[in-house]
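Colleague: Right, I'll just put the structure down here and ask away after.
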Amino acid sequence: MEVGFLTFILASLSVVYSCRVGITDWNNVVVVREGMLTTLICNDTGVRGPVTINWKVKLFCTNEWKLIMLASANERISGSALKPSMQLTDSNFKDSGVFSLSLKPEAADIGFYSCLIRQQEKILKEEIILLVILTVSVVPDVPIPQYSTLRLIASVTPDFAFTKVTWAGPGDITLKSEKKSKTNTVAKLPQVLNNDDGAYVCIVYPRGNSSSRLFAFNVDVTVSGKADWKKRSPLISTAIQAHTSFLLTCPGVVGDYVQVHWVPPDTRNQNNTKKVFDYDRWRGTLMTNQNEKLQMARLPYNPEAGSFSFLLTPDLKDGGLYVCEVLLNDNVFSQRTSLSVLKVKIKKYSSKMELICLYSERSQVRKVEWKHHNASRKLKMSSSSLGSNTTSLPLPITSDIAGNYTCVLHLKNGQAIQATQAITVSPKVSVDDTTSSPRPSLTALLLLVPLVAAAVGVLLWRQRHISDRGIEQSLSVHSGEAENIYENPEDIRQDLKPRGEDDVYKELER
C-alpha cells in the first residue's frame with residue numbers, strides 16, 4: 001500500500017510539472033469566470049488586403065497545438081478544437097483589422113490561444129493569449145442564514161497565471177483572505193447579519209504581460225433567516241486561587257470566530273448570562289468586558305490563525321460558568337468550564353484573630369476545611385455565611401499557635417485547591433517600660449512646684465522693698481533732701497543678686 005501511495009504522489013507531481021513546462025511567456029492574460037462570454041483580443045488595423053487568420057489552442061496540461069479555425073476572405077475551415085460558442089467577432093476582418101475570437105469558456109478550455117495573421121506566406125502578427133478561469137463558490141448557498149459563516153472561495157487556474165487574489169466587501173472594505181492551496185483563496189465573515197447584504201468583489205492580479213492590471217468580479221450576497229447550529233459542550237469542573245492566572249481552554253479546532261459567555265457564580269439563571277469576549281479573526285474585531293482579567297492566550301495558541309484559549313486572572317466574584325464557543329464555518333464547538341475561586345481574608349479584634357476562607361461556585365464544592373502545619377493541632381471551624389469557613393485564633397499569638405494555616409477546598413470531582421496563610425508570633429511588650437517611663441517627668445514636675453513658689457515669693461518681697469525705698473526717695477526729694485541710695489549701678493546689681501545656699505535661681509537653672 002505504501003508503494004502504491006508513493007507511486008500516486010510521484011505521478012501527480014509529474015503531471016503538475018508537465019502542466020507547467022512549455023510556454024513561459026505570453027502577450028496577454030485574460031481572466032474570466034466559467035461560462036461568461038469573453039473575447040480574446042487580436043487586432044491589427046494596419047493590415048489591408050487578402051489575409052488569413054489562424055486560431056489554435058494548446059490546452060492546459062497538454063503538449064500539442066490544436067486548430068480552432070482557419071479563415072480567409074473566401075473560406076473558413078473549422079478545426080478539431082472549435083466549440084459552438086467560438087466565433088470571430090468581425091466577419092469583415094480583412095477590412096477592419098479585427099481578428100478577435102469570442103467564446104464562453106469552461107474549465108476544460110484553460111490554456112494558451114494563438115492568433116496568427118498571414119498575408120500570403122508572410123507572418124504579419126502572432127499573439128499568444130493565456131486564458132485563465134476563475135471559479136467562485138459562495139457557502140452556504142444564498143440566501144445566507146443570519147449568524148452563519150459566509151465563505152467566499154475563489155479558485156484560479158492555472159496557478160502560475162496570477163500573483164494574488166483578494167476580496168472586498170460592500171463599501172469597498174478589504175476582507176482578510178487566506179490562500180488555502182495553490183489555486184484557492186478564501187475569505188470568511190462569521191456571524192453575518194442582514195446588513196452584510198451586498199456586492200462582494202473578487203480581484204485577481206495577473207502575472208506577466210497583461211493588458212489589464214487586475215480583473216474584478218462581483219458576487220451578490222443576500223442574508224436571510226437564521227442558522228441551525230449544532231453544539232458540542234462537555235463540562236470541566238475546576239478551582240483556582242484568587243489573583244492567580246488560569247488557562248481557560250476552548251475547543252481544539254482551528255476556527256473563524258470565538259466568543260466567551262459567563263454566568264456569575266452561584267446562579268444558574270440564564271438571564272444572567274453575559275457575553276464577556278468575542279473575537280473575529282477575519283474582520284480583526286475584538287470586544288471584551290473583562291479588560292485585563294480575561295485575555296487571549298498566546299503560544300502555543302495563535303488567535304490570528306484560529307487557535308483560541310484564554311488567560312483568566314479572577315477575583316472571588318469572577319468564578320462561575322464560562323462557555324467558550326468556537327465557530328468554524330457553520331459548526332459551533334463549545335467548551336464549558338465551571339470555576340470556583342478561593343480567597344483567604346484576615347480579621348483582627350481586640351482578643352482574637354479570624355482566618356476566613358471564602359469560595360465561589362458552591363454547587364461543585366464538596367467541603368472546605370482549615371489545617372495547621374502541625375497535623376496534631378485541631379482547629380475549630382464555623383461558617384457565618386454561605387461560601388465561607390472561619391477559624392479563630394486567640395490574641396496574642398504565641399509560638400504554639402503561630403505557623404502556616406491552610407484552607408483546602410475539595411471539589412465533588414475529587415480535585416482539591418488550597419491557599420496558605422502564615423501567622424507569626426505577636427511582638428512582646430515590656431511591662432517595666434510601660435510603668436516606669438512617666439516617672440522622670442513626674443519627678444521634675446513635683447520638684448518644680450516648690451521652686452516656682454519660692455521664686456514668686458522672692459520676687460514679691462523684692463518688689464515691695466524697692467517700692468518702700470521709692471517712697472522714701474520721693475519724700476526726700478519733695479523735702480529738698482535728695483539722697484542717692486545707689487551711687488553706682490553695680491550696687492544695684494549686687495543688691496538684687498541672690499546669695500546663699502538657698503538660692504532659688506540656681507535651683508531653677510538646674
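The values are calculated or read from the model by the stated rules, or taken from the named source; none is laboratory data. Since we're looking at a predicted model, the values are computed, not measured. Note: ideal-geometry Cβ built from the backbone for every residue, glycine included; neighbour counts use all protein chains shown.
Colleague: What are the residues in segment 247-273 that are in contact with a Pro (Cβ under 8 Å, 6 or more places away or on another chain) and over 20 Å from ALA297 (Cβ atoms), if any?
Modeller: ASN272
Yes/no matrix, rows are residues, columns are (1) surrounded by 14 or more Cβ atoms within 10 Å (Cβ to Cβ); (2) without any contact (Cβ under 8 Å) to a residue 12 or more places away in the chain; (3) touching a helix residue (DSSP H, G or I) at 6+ places or on another chain (Cβ under 7 Å); (4) among the β-branched types (Val, Ile, Thr):
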position	(1), (2), (3), (4)
ILE53	yes, no, yes, yes
LYS58	yes, no, no, no
LYS66	yes, no, no, no
ALA73	yes, no, yes, no
ALA81	yes, no, no, no
PRO84	no, yes, no, no
LEU88	yes, no, no, no
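Colleague: Exactly one of (1) crowded, with 17+ Cβ neighbours inside 10 Å; (2) in a strand (DSSP E or B); (3) touching a residue at least 60 places away in the same chain (Cβ under 8 Å) is unmet by PRO314. Its number?
Modeller: With respect to (1) crowded, with 17+ Cβ neighbours inside 10 Å; (2) in a strand (DSSP E or B); (3) touching a residue at least 60 places away in the same chain (Cβ under 8 Å), PRO314 is out only on (2).
Colleague: MET36: surrounded by fewer than 13 Cβ atoms within 10 Å (Cβ to Cβ) and either in a loop (DSSP other than H, G, I, E, B) or of a type outside the set (Phe, Trp, Tyr) (or both), yes or no?
Modeller: Spelling it out, MET36 is indeed surrounded by fewer than 13 Cβ atoms within 10 Å (Cβ to Cβ) and either in a loop (DSSP other than H, G, I, E, B) or of a type outside the set (Phe, Trp, Tyr) (or both).
Colleague: I'd like the full set of residues that are touching a residue at least 12 places away in the same chain (Cβ under 8 Å), part of a loop (DSSP other than H, G, I, E, B) and within 20 Å of GLN241 (Cα to Cα), limited to segment 268-301.
Modeller: GLN290, GLU292, LYS293, ALA297
Colleague: May I ask you to verify whether VAL260 is over 30 Å from GLY35 (Cβ atoms), in contact with a helix residue (DSSP H, G or I) (Cβ under 9 Å, 6 or more places away or on another chain), among the β-branched types (Val, Ile, Thr) and in contact (Cβ under 8 Å) with a residue 12 or more places away in the chain?
Modeller: So VAL260 does not fit the description; no.
Colleague: Let me ask another. Look through VAL258, VAL253, VAL263 and report the one residue that is at pLDDT below 95 and surrounded by 19 or more Cβ atoms within 10 Å (Cβ to Cβ).
Modeller: VAL263
Colleague: Can you pull out the residues in segment 145-196 that are under 23 Å from LEU286 (Cα atoms) and β-branched (Val, Ile, Thr)?
Modeller: Correct list: THR149, THR166, ILE173, THR174, VAL186, VAL192.
Colleague: Can you tell me which of (1) assigned to a strand (DSSP E or B); (2) surrounded by fewer than 16 Cβ atoms within 10 Å (Cβ to Cβ) is the one SER350 doesn't meet?
Modeller: Exception for SER350: condition (1).
Colleague: How many residues are assigned to a strand (DSSP E or B) and in contact with a Ser or Thr (Cβ under 8 Å, 6 or more places away or on another chain) if we restrict to segment 238-267?
Modeller: Total satisfying the criteria: 11.
Colleague: If ASN413 meets every condition in (1) of a type outside the set (Asp, Glu); (2) more than 30 Å from TRP262 (Cβ to Cβ); (3) outside any strand (DSSP E or B) apart from one, which number is that one?
Modeller: Among (1) of a type outside the set (Asp, Glu); (2) more than 30 Å from TRP262 (Cβ to Cβ); (3) outside any strand (DSSP E or B), ASN413 violates only (2).
Colleague: Shifting gears a bit: Tell me the residue from ILE117, ILE133, ILE129, ILE123 that is touching a helix residue (DSSP H, G or I) at 6+ places or on another chain (Cβ under 6 Å), part of a strand (DSSP E or B) and of a type outside the set (S, T, N, Q), please.
Modeller: One residue alone meets the criteria, ILE133.
Colleague: SER385 passes all but one of (1) small (Gly, Ala, Ser); (2) loosely packed, with under 12 Cβ neighbours inside 10 Å; (3) closer than 17 Å to LYS412 by Cα; which number fails?
Modeller: (3)
Colleague: Moving on to the next point. Looking only at strands (runs of 3 or more DSSP E) that fall completely inside segment 150-235, which ones have 2 or more residues that are closer than 30 Å to ASN27 by Cα and touching a Lys or Arg at 6+ places or on another chain (Cβ under 6 Å)?
Modeller: The qualifying strands (runs of 3 or more DSSP E) are 162-169, 184-189.
Colleague: Just to be sure, is LEU327 modelled with pLDDT of 95 or more, outside the structural domain of SER363 (by TED's automatic domain parsing) and either within 30 Å of THR174 (Cα to Cα) or crowded, with 16+ Cβ neighbours inside 10 Å (or both)?
Modeller: no
Colleague: Filter segment 383-398 down to the residues that are modelled with pLDDT of 90 or more and among the polar types (S, T, N, Q) and list them by number.
Modeller: If the condition is that a residue be modelled with pLDDT of 90 or more and among the polar types (S, T, N, Q), then SER388, ASN389, THR390, THR391, SER392, THR398 are the ones that fit.
Colleague: Also, I was wondering about something else. Search segment 346-360 for residues being at pLDDT 95 or above and over 14 Å from GLN421 (Cβ atoms), and hand back the single one that is nearest to the chain's Cα centre (by Cα).
Modeller: Checking each candidate, the answer is SER360.
Colleague: Okay, moving on. In segment 131-146, is there at least one residue being farther than 30 Å from VAL192 by Cβ and either without any contact (Cβ under 8 Å) to a residue 12 or more places away in the chain or in contact with a Pro (Cβ under 8 Å, 6 or more places away or on another chain) (or both)?
Modeller: yes
Colleague: Residues that are of a type in the set (Lys, Arg), modelled with pLDDT under 95 and crowded, with 17+ Cβ neighbours inside 10 Å: does segment 120-129 have at least one?
Modeller: Yes; the residues of segment 120-129 include at least one that is of a type in the set (Lys, Arg), modelled with pLDDT under 95 and crowded, with 17+ Cβ neighbours inside 10 Å.
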